[in-house]
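Inspection log for the structure reproduced underneath, given as structure tokens.
The values are calculated or read from the model by the stated rules, or taken from the named source; none is laboratory data. These figures come from a predicted structure and were not determined experimentally. All Cβ positions, even for glycine, are placed from backbone atoms using ideal geometry, and neighbour counts span all protein chains on display.
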Amino acid sequence: MLVLDGQLIKNSKEVAANRPLSDFVASLPRLARNPSLVERVQTQVDLIATELQRVQFELPAGFEQLLFHPLGLQGNSKSPIAGQIDRLLVVSPFVSEKRLHQLSQQGKRNILIARPEALEQIPLTTLGTFAQCYQISPAANPEDADATPSTSTQAPLVGLHAKLYVAEAGPTVRIWTGSANATDAAFERNVEFLVELVGSKQQFGIDTLLALHDHEVSFRSLLEPFIPPSEPILIDDSLQDLAQAAEVKLLKFSLTAHVLLIEASDLYCLQLQFEGNGSLDFAPDLAVRFSWTRRA
């Protein structure tokens, strides 16, 4: 997780590096399913976008440069993971064959970390373009006994969630983190956002990130090598067609969310209501389940 602190200097000049972030925030209302925002909300969004142009962000300790990269907006379709790359680390829960092939061509002795169910769908020839492939060890997931009464109603945080790209070039390392998975959808169709940090290879390089420390838990100690199946596990096309049909049907509905407090508890109930006269009917052999996780 990346957290940035900054100070708004109202009478200062615009910070050019903040323009992509400001433009991204300003564009969000236009992406809403129902674009008719309350005037008060639109005014607040405009104010945030304007003030972001004059925020002096503090660089995390040890880093030299900070850059913002929106993806999927007009004029922002080019992947920022480019330029000189000697070696690349890709950490992504979900991956696609085409995007992995493109990333593997940048640098040598590259490393890939992803969810096993995603890696199982990638041909061995593509996985073989990475020097090493890892997954999160099942032993790294919390045990059921560790759950407390206050958290037992939440979905367990298991598996890999982070999206991280670490590129070494000489003595310098560039790190991108944000919402973009290593998939075609993320870099070619979706609206995503990445933040880039530039620092020294010695302090933030791949070997430093994946170093093992005696008697200490590190990121590397949570990983285990991915052993691919003899043949990629392919998803039944008929299941994909059913899922896409259900997705299209859901996207056509106008949804409103209502948050209700459950009496005598600190829990909330989220109700989704459909607007209009349409019906939400799915194929008889398709089961649909909605889930929502409360986060502190």
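A residue that is of a type in the set (S, T, N, Q), surrounded by 16 or more Cβ atoms within 10 Å (Cβ to Cβ) and either at pLDDT 95 or above or not assigned by TED's automatic domain parsing to the domain that holds ILE85 (or both) can be found somewhere in region 172-180.
Residues that are touching a residue at least 60 places away in the same chain (Cβ under 8 Å), more than 22 Å from the chain's Cα centre (by Cα) and part of a loop (DSSP other than H, G, I, E, B) were ranked within region 213-231; the one that is nearest to THR129 (Cα to Cα) is PRO228. Only residues that are among the basic types (Lys, Arg) and either surrounded by 12 or more Cβ atoms within 10 Å (Cβ to Cβ) or modelled with pLDDT of 90 or more (or both): list them for region 14-45, please. Passing the criteria: only ARG19. Out of the residues in region 27-58 meeting the condition of being part of a loop (DSSP other than H, G, I, E, B) and in contact (Cβ under 8 Å) with a residue 40 or more places away in the chain, tell me which one is farthest from LYS252 (Cα to Cα). Filtering region 27-58 for residues that are part of a loop (DSSP other than H, G, I, E, B) and in contact (Cβ under 8 Å) with a residue 40 or more places away in the chain, the one farthest from LYS252 (Cα to Cα) comes out as GLU58.
For region 86-117, a residue qualifies if it is assigned to a loop (DSSP other than H, G, I, E, B) and either without any contact (Cβ under 8 Å) to a residue 24 or more places away in the chain or not assigned by TED's automatic domain parsing to the domain that holds GLU168 (or both), and the qualifying residues are LYS108, ARG109, ASN110.
Hey, among GLY83, GLY72, which residue is under 20 Å from LEU100 (Cβ atoms), in contact (Cβ under 8 Å) with a residue 60 or more places away in the chain and surrounded by 11 or more Cβ atoms within 10 Å (Cβ to Cβ)? Sole residue among the options that is under 20 Å from LEU100 (Cβ atoms), in contact (Cβ under 8 Å) with a residue 60 or more places away in the chain and surrounded by 11 or more Cβ atoms within 10 Å (Cβ to Cβ): GLY72.
Among residues of region 245-262 that are within 22 Å of ALA287 (Cα to Cα), those with a Cβ under 7 angstrom from a residue that is surrounded by 12 or more Cβ atoms within 10 Å (Cβ to Cβ) and among the aromatic types (Phe, Trp, Tyr), sequence gap 6+ or separate chain, pair up as ALA246/PHE282; PHE253/PHE274; LEU255/PHE274.
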